[in-house]
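The values are calculated or read from the model by the stated rules, or taken from the named source; none is laboratory data. Computed from a prediction, not measured in an experiment: that's the story for all the values here. FYI the Cβ positions are ideal-geometry reconstructions off the backbone, even for glycines, and counts take in every protein chain you see.
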C-alpha cells in the first residue's frame, strides 16, 4: 500500500511551525523552546494554526505543474504568515503587521501624478483604470481624492468619445470597462463639475448599441459579450440615472417594448457553471471576478434577497467561492486549482456582502475575515509601498486598490436596507416589468465594523459594496442625477 503521508517537497523544518499563544519574537525571528527567553522583546497573541500549518491532506504521488506551483507559493508565504519576516515593532498588539499607510499613499500618489516613461506606452489604454485604482485606494487610506478633481475632469474630457462612452486614451474606441473606470473616478472626486462632465444622452445611445438580443452586453462595438460588459453597463445606467428604455437604434429593440433589463437576469443565470461558480459567458469556466460581476449586476437590477436566489443556485455558488480561500495562505484564488492572488481579496472577498444580503444574514462561518486580512497585511505589502499579488510579485495600482478593497470588506459589515413596501406580495417578474429607475444599489449602508483584530494601525475606510467607491459619493451622485430623469 502506498503511503499517504504528505509529500517530501515541503521542507521538514516547516511542517510544524512554532508560533502559538504567548510565543516571544526577537529581532526578526521567532523564539522557539530552546531560545533564551531573556532576549524576548515582545509577546504576540495567539495566531490560529489555520494560518501556520500545511494542509493536512496532500497527494504525495501526483505531481503536476499546478501542484508544484502551489507548493512553491505556500513556501513563499509561510515566512510572512508566521511573522518571521517582520520586526516586532512593525506588529500590532493583535499580531498583525501594521498597514504601511504612508508608503502606500506615496505609491498611489506617484501612480496618478508621475510622467510615465516610454516603456509604459502600451498602458495608455488603461489610463482611466490607473486614475480609478489610485483615487479609490487613496480614499481607503484616508486621503481626500477631491484634490484631483480638475485633473480627473480633464482626463475624462480627453477620452470621452463623441459617439458616447469613454475610451482608454484620447481618440480610442469607447469600451464599457474604461467607461466604468472613468465614471467611478468622477464619482470618487465628486462635485457638480465632475458629474456634469459626462454626456449622458450619448452614453445612453452608446449603451443601447452594446445591448444584445439575448439579454447581455458587448464591451465595445464588435467586441466580446461577457459578464464584465453587463456589470459595467448596469453600473453606468444606475449611477447616471439613464432611462431604462432602449434607444431607437439599439439592436436589441425588436418588439419595441424592450428595456436594458430585458433578458439580462436570465443571461446571467446561464453563466453559472456546474461547479457553482460564475463564468464570463455561458458555457465557459467559472472565475471569482465574474462571480462578483454577476452578483453586483443582479444587485443593481433589484433587491439582492429577491434577485440573487431567483437567478442563481446560491448554495452551489457559496460552496465554490468558499473553496477559493486557501489555507495556510488564507487569501483567495480566482479559479479552482489556481494560486492565491491579492486582487481576489476584492473580487471574491467582495462577494460576501452581496451574498449576505441575499441570505438575509451576516455570513460568519463561510469565509475567514481575519484570514483574508492576515494574507493582505502579511504577504501583499511591498517594502517601498503599494500592494501586490503575493510576496514574489511587484506592487501596482491595480493590486493596491483591490487588496485594500478586500481589507475593507473584511473589516466592515455592509447591510442592505429594505425600503418600505419592498416586501410586498407583488411577484418579482411584475416588479421587474414595472421598474422605471434602478433604486436597489442605493439602499446600502455600512452598519458597523466586523468582529476582528482591527486596530487603527490596520484600519481602512469602507467602500460601497456594489460600486467600490466612497459610500458618501454614491449618495451624492444618486441625489444629483435623481433630478435628471431625461436629458
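Summary of values
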| read-out | value |
| --- | --- |
| Checking residue 218 against (1) over 29 Å from residue 261 (Cα atoms); (2) touching a strand residue (DSSP E or B) at 6+ places or on another chain (Cβ under 8 Å), the condition it does not meet | (1) |
| Neighbours by Cβ (under 9 Å, 6+ apart or cross-chain): first from the range 160-173, free of Cβ contacts under 8 Å to residues at least 24 places away in the same chain; second assigned to a loop (DSSP other than H, G, I, E, B) and surrounded by 16 or more Cβ atoms within 10 Å (Cβ to Cβ) | 171/161 |
| Any pair with Cβ under 6 angstrom, 6 or more apart, that starts in the range 337-350 at a residue that is on the phi < 0 side of the Ramachandran plot and free of Cβ contacts under 8 Å to residues at least 24 places away in the same chain and ends at one that is surrounded by fewer than 24 Cβ atoms within 10 Å (Cβ to Cβ) and assigned to a loop (DSSP other than H, G, I, E, B) | none |
| Answer residue from the range 209-236, given it is more than 18 Å from the chain's Cα centre (by Cα) and buried (at least 24 other Cβ atoms within 10 Å of the Cβ) and is nearest to residue 268 (Cα to Cα) among those | 216 |
| Set 372, 317: member being buried (at least 21 other Cβ atoms within 10 Å of the Cβ), in a helix (DSSP H, G or I) and over 16 Å from the mean Cα position of the chain (by Cα) | 317 |
| Residue count for the range 205-232, restricted to those that are part of a helix (DSSP H, G or I) and within 19 Å of residue 248 (Cα to Cα) | 6 |
| Pairs, first on the phi > 0 side of the Ramachandran plot and in a loop (DSSP other than H, G, I, E, B) in the range 351-369, second surrounded by fewer than 20 Cβ atoms within 10 Å (Cβ to Cβ) and modelled with pLDDT of 95 or more, C-beta under 8 Å, six or more apart | 360/305 |
| Boolean, residue 294 is closer than 20 Å to residue 349 by Cβ and crowded, with 24+ Cβ neighbours inside 10 Å | yes |
| Tabulated pairs, the range 45-65, first farther than 30 Å from residue 454 by Cα, second modelled with pLDDT of 75 or more and surrounded by 14 or more Cβ atoms within 10 Å (Cβ to Cβ), C-beta under 8 angstrom, 6+ apart or interchain | 59/67 |
| Top-ranked residue of the range 454-485 - restricted to ones that are more than 21 Å from the chain's Cα centre (by Cα) and over 23 Å from residue 243 (Cβ atoms), ranked as surrounded by the fewest Cβ atoms within 10 Å (Cβ to Cβ) | 456 |
| Filtered residues of the range 259-272 (kept if surrounded by fewer than 21 Cβ atoms within 10 Å (Cβ to Cβ) and touching a strand residue (DSSP E or B) at 6+ places or on another chain (Cβ under 8 Å)) | 259 |
| Counted residues, the range 320-336 - those being under 23 Å from residue 398 (Cβ atoms) and surrounded by fewer than 24 Cβ atoms within 10 Å (Cβ to Cβ) | 6 |
| Pair list, Cβ under 8 Å, 6 or more apart: the range 70-84 residue on the phi < 0 side of the Ramachandran plot and surrounded by fewer than 17 Cβ atoms within 10 Å (Cβ to Cβ), other residue assigned to a helix (DSSP H, G or I) and modelled with pLDDT of 95 or more | none |
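Results for (1) in contact with a helix residue (DSSP H, G or I) (Cβ under 6 Å, 6 or more places away or on another chain); (2) closer than 25 Å to residue 328 by Cβ; (3) in a strand (DSSP E or B), shown as yes or no for each residue.
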residue	(1), (2), (3)
69	no, yes, no
77	yes, yes, no
80	yes, yes, no
102	no, no, no
107	no, no, no
110	no, no, no
120	no, no, no
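Condition check ((1) modelled with pLDDT of 95 or more; (2) within 26 Å of residue 168 (Cα to Cα); (3) touching a helix residue (DSSP H, G or I) at 6+ places or on another chain (Cβ under 9 Å)) across all residues:
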residue	(1), (2), (3)
214	yes, no, yes
219	yes, yes, yes
227	yes, yes, yes
233	yes, yes, yes
270	yes, no, no
281	yes, yes, yes
284	yes, no, yes
289	yes, yes, yes
307	yes, no, yes
